[in-house]
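Colleague: Structure incoming, see below.
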Amino acid sequence: MEVVAALAGAPNVGKSTLFNMLVGERRHVGNWPGKTVEKYEGELEHHGVKIRIVDLPGTYSLGAISEEEVIAREYIVREKPDVVVVVVSAIELERTLYLAVQVLELYDRVVVAVNKMDAARKRGIHINESKLSKLLGAPVVPISAINKEGLHRLVETVLDVAQGKIHASKLRLDYDGLPYYARSLERMLVGCSSLKGYPPEWAAMRLLEGDPAMERALREEGCTALLDALEEARRRAEKELGAPPELIAVSARYEFIEKVVSSVVEKSGVAKPEFTESLDHVLLHPTLGPIVSALIIFTMLLVIFTINTGFPLNILLDAAGLHGLASLLEESSLAGLLGAAFQAISDAIAAWLASLGTPSFIVELVADGVVTGVGSVLSFLPLIFLVFIAFSVLEDSGIMARFAVLGHGFAEKIGLTGKALLPMLLGLGCNVPAVLGTRILESDEEKLLASLLAPLIPCQARLVVILVFASAFFSNPVLQALLVASIYLYAGLLVVVLSLVFRRLLLGGYQPPEIIIELPPYHKPSLRVVWWYAWDHTVHFLKKAGTLILVLSIIVWLLTAYGPAGPVANVEESYAALLGHLLTPVTAAMGLPDWRIALAFEAGFVAKEGLVETIVLVTGIGDPVSAVRSLGLTVPQVVSFLIAMSTYTPCVATLAAFYEENRRLRYVAFLVGYELAVAFFSAVLAYHVLSIFF
Amino acid sequence: MPEEYMEGLVTLSSAPPGSIVRVVRVDVRGRGPYRRLLELGVYPGATLRVVSNSLGPVIVEKNGARLAIGRRHASRILVEVLGYWAK
Ligand SMILES: Nc1nc2c(ncn2[C@@H]2O[C@H](COP(=O)(O)OP(=O)(O)OP(=O)(O)O)[C@@H](O)[C@H]2O)c(=O)[nH]1
Ligand SMILES: [Mg+2]
């Protein structure tokens, strides 16, 4: 027999931690059908019984205000899992019990897991579990998911409920006159098939409270009689009871919860000045807060950059005269290690195939084309993974929510909410997690807006290109820094201006909503949780986008390796070069008539690192800086090139991420189209304006 | 009549930091935000502590759980100041 158990709970109660602790490696990440909300499923076995566990999205209520709430509710009502495990948090019992109460009103096969018992003990919070169980009418199991405490008993209890050995009963609250109005609706519900499956009594109460998803279903079905009766009932209830039905319902639930909490929770010991209290003093301070936040993000990006490519630490070491250490760092950075590994694999395969007498064009196709393609898929991963780690650390520690609050005032000015700020800032590391990170945003408009703007932010790959050009053409470090800074400033300016344009023209004057954000208690990020998050998201992305990146890289390689006359020894005779020549009229308008630069732009479509690699290839000069210098560009040309390079199109990986989040090819086409246009006109303008001075 | 002038009552957006307040009315516009606030524990009769009121959003605490409420919303929540929180 198989038992299906769903995990429900408010955001941040530790559902995902519990899920991972229960199923370990036997888990699967996907999406809820037709949604960008993630769906986690996994399996475990207990005394020969297979238990399938589904992690429902975290929601504050079952009230269908958000997509997540609809998913969680529909799952319980339609799929009827054998058991619903409602997870609540021992340190925020009151707020997290709200969802538990709603689930208990809807469903009777429920187990309540009180998580974070470890943190509760530290704070001197005691919870009387048997009293809680009696008051809720459902079995209660205290656990500490992160320490794997209480999990055995939880699983046993789940099985007991599934097998009918323990009965929970539905919770009935006193709604103070509301049921009177609900009853008349209940009778009419029988005639409306779209709400079949919901317990009628529950559905009637929900309708009375106001439930956009249910009302939509009724309207689509044409159940207008019920909708009319509903409006009348709501109006009458509000008038006769003196408050809107939703207010009466929520108050009744909280009244019950407060009673429960006050009778089961006991606090002992002296209340220590809490960590959250003191850290919030700093992070939410109007002047200190932004400074500290900027420092945190800046440090994280530096660490990510250094682990990924050795930069900027290698330059500092070089400057300090420690050349050996600097190159060691570069070689042992993730990008360095991957590059070396792929070179070795490619050489080994080539030698092996050649020894078998394979025709040379096949050897090249496999050793260069395919291996290079796989290499370029993998070359994205370290940066994506590292940025996901940063994301996860900031989220898990509770810092992310503070950033959102702190940055909201600023974000509002560019048409976003504070929540969008962190994904955008992490775009400075890599655009892929930035675009994928927009899924935490609440409205579709904001997701679209943020994911259209995020690719404008120069990522590390683009920073490297900028630095190579800066050091090739400017010897004065002040001028170098000025050049780099102005490219970033320009990107920032574009974000601000284009946000305004898109909101006007695309989103019908969309304004960001006001925020209501829960600030979870701070907490030391758990290595395990951070690792899962980053690993799952990276693998998920690889599965979705890997093939696309692979195919496109191989196509680009084919274009450079073949020409009208077949395989070419020299890129200059390749299709890519031909295409480059065709493109020169366009690049010439930006002041860049050299066909090799047009060629480099082609390669940069796959990955921005490819720009410099291509220049190395066509000039035949091994050192990137010297290779770029040999192009002999003037100041206006350098600036024009860099502006175009940093905006002209997102790389394939970012496009794949964008498609993953928005699921519409015409949006992808719009993204590429607008960026090409912006890059072109910006570069033309920059070139001509600067040509006046230089 | 404008709630701002009701005696002894202030909007949450003008409640001083450190004060303990009781929610009297929630008049927030929009069904979604209104419901969300109620469900997160900001309903008439609830007691909150104002943690900070110098950023854009107002930060309140209820039984150990903290919540940031946008300023426009906060200016439509009417509260009664009960006292001040002593450290
Ligand atoms: N002290 C303590 N913290 C825990 C425990 N379990 C989880 N946490 C922490 O609680 C936070 C939230 O954990 P998640 O597992 O992501 O919570 P969730 O319910 O899946 O959250 P959403 O997916 O946002 O709904 C993380 O910072 C965890 O490390 C626990 O047993 N004790
Ligand atoms: Mg989760």
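Colleague: Any residue at all in segment A:405-424 that is hydroxyl-bearing (Ser, Thr, Tyr) and open to solvent by less than 40 Å² (accessible area, probe 1.4 Å)?
Modeller: Yes: segment A:405-424 contains one or more residues that are hydroxyl-bearing (Ser, Thr, Tyr) and open to solvent by less than 40 Å² (accessible area, probe 1.4 Å).
Colleague: Exactly one of these conditions fails for A:Val639: (1) more than 18 Å from A:Phe473 (Cα to Cα); (2) touching a helix residue (DSSP H, G or I) at 6+ places or on another chain (Cβ under 7 Å); (3) at pLDDT 95 or above; (4) open to solvent by 20 Å² or more (accessible area, probe 1.4 Å). Give me its number.
Modeller: That leaves (1) as the condition not met.
Colleague: Hey, which of the helices (runs of 4 or more DSSP H) in segment A:254-355, taking only ones fully inside, have at least 3 residues that are touching a residue at least 40 places away in the same chain (Cβ under 8 Å)?
Modeller: A:275-283, A:288-309, A:334-355
Colleague: A further question on this structure: Any chance you could count how many residues in segment A:230-250 are open to solvent by 30 Å² or more (accessible area, probe 1.4 Å) and part of a helix (DSSP H, G or I)?
Modeller: Residues that pass the stated criteria total 9.
Colleague: Before we move on, is A:Leu436 within 15 Å of the chain's Cα centre (by Cα) and open to solvent by less than 20 Å² (accessible area, probe 1.4 Å)?
Modeller: yes
Colleague: Here's a follow-up. Output yes when any residue across segment A:204-213 is in a helix (DSSP H, G or I), under 30 Å from A:Asp396 (Cβ atoms) and open to solvent by less than 60 Å² (accessible area, probe 1.4 Å), and no when none is.
Modeller: Looking for residues that are in a helix (DSSP H, G or I), under 30 Å from A:Asp396 (Cβ atoms) and open to solvent by less than 60 Å² (accessible area, probe 1.4 Å), one finds none in segment A:204-213, hence no.
Colleague: Here's another thing I want to ask about it. Can you tell me which of (1) small (Gly, Ala, Ser); (2) more than 10 Å from chain A (Cβ to nearest Cβ); (3) open to solvent by 30 Å² or more (accessible area, probe 1.4 Å) is the one B:Gly56 doesn't meet?
Modeller: (2)
Colleague: Kindly evaluate A:Val432 against the criterion of being among the hydrophobic types (A, V, I, L, M, F, W, C) and under 23 Å from A:Thr276 (Cβ atoms).
Modeller: No: the conditions fail for A:Val432.
Colleague: A follow-up question, please. Please count how many residues of segment B:59-86 are more than 11 Å from the chain's Cα centre (by Cα) and either at pLDDT 95 or above or more than 7 Å from chain A (Cβ to nearest Cβ) (or both).
Modeller: Residues flagged as more than 11 Å from the chain's Cα centre (by Cα) and either at pLDDT 95 or above or more than 7 Å from chain A (Cβ to nearest Cβ) (or both) within segment B:59-86 amount to 5.
Colleague: Consider segment A:372-405. How many of its residues are in contact with a His (Cβ under 9 Å, 6 or more places away or on another chain) and not acidic (Asp, Glu)?
Modeller: Residues flagged as in contact with a His (Cβ under 9 Å, 6 or more places away or on another chain) and not acidic (Asp, Glu) within segment A:372-405 amount to 7.
Colleague: Separate question: Would you point out which residue out of A:Lys39, A:Lys15 is within 13 Å of ligand 1 (Cβ to nearest atom), of a type in the set (Lys, Arg) and at pLDDT below 90?
Modeller: A:Lys39
Colleague: Sticking with this one: I'd like to verify a number: residues in segment A:232-269 that are touching a Phe, Trp or Tyr at 6+ places or on another chain (Cβ under 8 Å) and of a type in the set (Val, Ile, Thr), how many?
Modeller: Number satisfying all stated conditions: 3.
Colleague: Which ones in segment A:42-57 are away from ligand 1 (no atom under 16 Å from the Cβ) and either of a type in the set (Gly, Ala, Ser) or closer than 17 Å to A:Ala8 by Cα (or both)?
Modeller: Hits for segment A:42-57 are A:Glu43, A:Gly48, A:Ile51, A:Arg52.
Colleague: Identify, from the list B:Gly8, B:Gly18, the residue that is touching a Phe, Trp or Tyr at 6+ places or on another chain (Cβ under 6 Å), surrounded by fewer than 16 Cβ atoms within 10 Å (Cβ to Cβ) and more than 8 Å from chain A (Cβ to nearest Cβ).
Modeller: When all the criteria are applied, what remains is B:Gly18.
Colleague: For the structure I just gave you, tell me whether A:Leu642 is under 30 Å from A:Phe385 (Cα atoms) and out of contact with any Lys or Arg (no Cβ under 8 Å at 6 or more places or on another chain).
Modeller: yes
Colleague: Out of all the residues in segment A:326-343, is one or more buried (at least 18 other Cβ atoms within 10 Å of the Cβ), farther than 30 Å from A:Ile296 by Cβ and small (Gly, Ala, Ser)?
Modeller: No.
Colleague: Additional query: Could you figure out which of (1) open to solvent by less than 10 Å² (accessible area, probe 1.4 Å); (2) at pLDDT 95 or above; (3) in a helix (DSSP H, G or I) isn't true of A:Ile76?
Modeller: Checking A:Ile76 against (1) open to solvent by less than 10 Å² (accessible area, probe 1.4 Å); (2) at pLDDT 95 or above; (3) in a helix (DSSP H, G or I), the one that fails is (2).
Colleague: Please determine, by comparing only the residues of segment B:21-50 that are more than 7 Å from chain A (Cβ to nearest Cβ) and under 20 Å from A:Pro521 (Cα atoms), which one is surrounded by the fewest Cβ atoms within 10 Å (Cβ to Cβ).
Modeller: It comes out as B:Thr47.
Colleague: So, one more: Can you tell me which residue within segment A:395-404, out of those that are in a helix (DSSP H, G or I) and within 16 Å of ligand 2 (Cβ to nearest atom), is most open to solvent (accessible area, probe 1.4 Å)?
Modeller: Of everything passing the filter in segment A:395-404, A:Glu395 is most open to solvent (accessible area, probe 1.4 Å).
Colleague: When you check A:Val54 against the structure, is it open to solvent by less than 10 Å² (accessible area, probe 1.4 Å), more than 14 Å from chain B (Cβ to nearest Cβ), at pLDDT 95 or above and more than 16 Å from ligand 2 (Cβ to nearest atom), yes or no?
Modeller: no
Colleague: Sort through A:Ala100, A:Ala138 and tell me the only one that's within 14 Å of ligand 1 (Cβ to nearest atom) and either more than 17 Å from A:Thr17 (Cβ to Cβ) or crowded, with 19+ Cβ neighbours inside 10 Å (or both).
Modeller: Of A:Ala100, A:Ala138, the one residue that is within 14 Å of ligand 1 (Cβ to nearest atom) and either more than 17 Å from A:Thr17 (Cβ to Cβ) or crowded, with 19+ Cβ neighbours inside 10 Å (or both) is A:Ala100.
Colleague: Quick check on segment A:108-124: of everything there that is open to solvent by less than 20 Å² (accessible area, probe 1.4 Å) and outside any helix (DSSP H, G or I), which residue is farthest from the other protein chains (Cβ to nearest Cβ)?
Modeller: A:Val111
Colleague: List, please: which pairs have Cβ atoms under 6 Å, are six or more places apart or on different chains, and start with a residue in segment A:27-45 that is within 14 Å of chain B (Cβ to nearest Cβ) and end with one that is modelled with pLDDT under 80 and more than 13 Å from ligand 1 (Cβ to nearest atom)?
Modeller: From residues that are within 14 Å of chain B (Cβ to nearest Cβ), there are no pairs.
Colleague: Go through segment A:567-579 and give me each residue that's outside any loop (DSSP other than H, G, I, E, B) and either in contact (Cβ under 8 Å) with a residue 40 or more places away in the chain or touching a helix residue (DSSP H, G or I) at 6+ places or on another chain (Cβ under 8 Å) (or both).
Modeller: Answer for segment A:567-579, where residues must be outside any loop (DSSP other than H, G, I, E, B) and either in contact (Cβ under 8 Å) with a residue 40 or more places away in the chain or touching a helix residue (DSSP H, G or I) at 6+ places or on another chain (Cβ under 8 Å) (or both): A:Pro567, A:Val571, A:Glu572, A:Tyr575, A:Ala576, A:Ala577, A:Leu579.
Colleague: Now, a different point. In segment A:79-95, which residue that is part of a loop (DSSP other than H, G, I, E, B) and open to solvent by 30 Å² or more (accessible area, probe 1.4 Å) is farthest from the other protein chains (Cβ to nearest Cβ)?
Modeller: Step by step, filter segment A:79-95, then rank; the result is A:Asp82.
Colleague: Could you count how many residues in segment A:448-488 are part of a helix (DSSP H, G or I) and within 25 Å of the chain's Cα centre (by Cα)?
Modeller: The total comes to 15.
The values are calculated or read from the model by the stated rules, or taken from the named source; none is laboratory data. On a predicted model such as this, the values are computed, not experimentally measured, just so you know. Cβ coordinates were reconstructed from backbone atoms using ideal geometry, including for glycine residues, and neighbour counts include every protein chain displayed. Heavy atoms of the whole protein, side chains included, go into the accessibility calculation; ligands, DNA and RNA do not. Shrake-Rupley method; radii C 1.70, N 1.55, O 1.52, S 1.80 Å.
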